[in-house]
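Notes to accompany the following structure.
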Amino acid sequence: MRFEIMRLDDVDGTAVDSTVVDAASVNQIVQQAAATGQRLYIRPAESPAS
């Protein structure tokens with residue numbers, strides 16, 4: 001499964017940038033964000049149309 005992770009602006013909460021990663025990478029990204037105080041929004045990535 002893949003997830004879209006968006007880094008949020010500290011002031012207004014809008015998405016600053018976004019990346020799509022596999023499930024194994026989510027924990028590492030969350031740990032890094034927690035260590036630096038970044039705010040994230042994580043959701044399942046849309047599947048490409050078949």
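The values are calculated or read from the model by the stated rules, or taken from the named source; none is laboratory data. For clarity, every value in this text was computed on a predicted model and none was experimentally measured. Cβ coordinates were reconstructed from backbone atoms using ideal geometry, including for glycine residues, and neighbour counts include every protein chain displayed. Remember, those area values only see protein heavy atoms, side chains included, never the ligands or the DNA or RNA. Shrake-Rupley method; radii C 1.70, N 1.55, O 1.52, S 1.80 Å.
Accessible area per residue for the chain is 76 Å², calculated with a 1.4 Å probe on protein heavy atoms, without ligands, DNA or RNA.
Accessible area of the chain with a 1.4 Å probe: how many percent of it is carbon plus sulfur? Walk me through the intermediate numbers first.
Numbers: 1890 of 3810 Å².
Percent of accessible area from carbon and sulfur atoms in the chain: 50.
Over the chain, calculate the relative contact order: mean separation of alpha carbon pairs under 8 Å at least 6 apart, over the residue count, as a percent.
It rounds to 47 percent for the chain.
What order do you get for 3-9, 30-36 when each peptide is scored by the mean count of other beta carbon atoms within 10 Å, highest first?
Values: 3-9: 15.3, 30-36: 10.9.
Ranked by mean Cβ neighbours within 10 Å, highest first: 3-9, 30-36.
Placing dummy labels 7 Å off each Cα toward the beta-carbon, the span from E4 to A33 is 1.4 nm.
What does the charge count around G37 come to, taking other residues whose C-beta lies under 12 Å from its C-beta (Lys +1, Arg +1, Asp -1, Glu -1)?
Values: positive: R7, R39; negative: D10.
That works out to +1.
Against the main long axis of the alpha-carbon atoms of the chain, helix 23-36 sits at an angle near 10°. Calculate log10 I(q)/I(0) of the chain for q = 0.19, 0.25 Å⁻¹, where I(q) comes from the Debye formula with a single equal point scatterer on each Cα and nothing for solvent. For the chain, the Cα-only Debye profile gives -0.61, -0.94.
Which value, in debye to the nearest 20, describes the size of the charge dipole of the chain about its Cα centre when Lys and Arg Cβ atoms bear +1, Asp and Glu Cβ atoms bear -1, and nothing else is charged?
Numbers: 4 positive and 7 negative charges, 33 e Å.
My answer is approximately 160 debye.
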